[in-house]
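Here is the structure we will look at, set down as structure tokens.
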Amino acid sequence: MPFDPDLAERIREQLAEVENVTERRMFGGLAFLVNGHLAMSASRHGGLMVRVGAERSGEAESRPHARLVEMRGRAMPGWIFVEHEGIRTARQLKPWVRRGLDFAHSLPPKRND
């Protein structure tokens with residue numbers, strides 16, 4: 001299943017005023033990078049994958065419709081998957097976009113050598 005183009009557009013709308021955002025197809029979805037760092041992705045599984053950092057995983061995972069991302073059977077602390085039910089509205093999506101942005105902005109910009 002390809003990523004949800006409607007979700008991708010809704011993410012773009014929320015990132016419209018953010019500088020240094022790029023998009024890249026990754027993990028079968030559409031990733032949104034800030035200063036070269038992956039912040040979130042419209043997942044091929046129909047939800048949103050958000051990078052929150054290991055120290056914020058517990059809080060983020062406790063939110064409705066959220067769980068740790070698993071890749072090849074291994075839990076990935078710092079990465080949260082939010083089911084479609086948890087991001088149906090702009091009001092639900094906004095705090096997840098903010099979490100991904102906060103983490104990406106906490107990292108130094110990647111150099112483009």
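The set of residues in segment 2-14 being buried (at least 20 other Cβ atoms within 10 Å of the Cβ) and either of a type in the set (Gly, Ala, Ser) or assigned to a loop (DSSP other than H, G, I, E, B) (or both) consists of Phe3, Asp4.
Please tell me if Ala75 is surrounded by 14 or more Cβ atoms within 10 Å (Cβ to Cβ) and among the aliphatic types (A, V, I, L, M). The answer is no for Ala75. The set of residues in segment 83-94 being charged (D, E, K, R), in a helix (DSSP H, G or I) and surrounded by 13 or more Cβ atoms within 10 Å (Cβ to Cβ) consists of Lys94 alone. Scan segment 15-48 for residues that are surrounded by fewer than 22 Cβ atoms within 10 Å (Cβ to Cβ), without any contact (Cβ under 8 Å) to a residue 60 or more places away in the chain, at negative phi and not basic (Lys, Arg) and jot them down. If the condition is that a residue be surrounded by fewer than 22 Cβ atoms within 10 Å (Cβ to Cβ), without any contact (Cβ under 8 Å) to a residue 60 or more places away in the chain, at negative phi and not basic (Lys, Arg), then Ala16, Glu17, Glu19, Val21, Thr22, Glu23, Met26, Ala31, His45 are the ones that fit.
Taken over segment 49-106, the criterion of being within 23 Å of Pro2 (Cβ to Cβ) and of a type in the set (Val, Ile, Thr) is satisfied by Val50, Val69, Ile80, Val82, Ile87, Thr89, Val97.
Residue-wise test of (1) under 13 Å from Trp96 (Cβ atoms); (2) assigned to a strand (DSSP E or B); (3) at pLDDT 95 or above; (4) not hydrophobic (A, V, I, L, M, F, W, C).
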| residue | (1), (2), (3), (4) |
| --- | --- |
| Leu33 | no, yes, yes, no |
| Ala39 | yes, yes, yes, no |
| Arg44 | no, no, no, yes |
| Val50 | yes, yes, yes, no |
| Ser57 | no, no, no, yes |
| Arg63 | yes, no, yes, yes |
| Glu70 | no, yes, no, yes |
| Phe81 | yes, yes, yes, no |
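The values are calculated or read from the model by the stated rules, or taken from the named source; none is laboratory data. A quick note: this is a predicted structure, and the numbers were derived from the prediction, not measured. Heads up, the Cβs are rebuilt from the backbone with ideal geometry, glycines too, and the neighbour counts pull from every protein chain shown.
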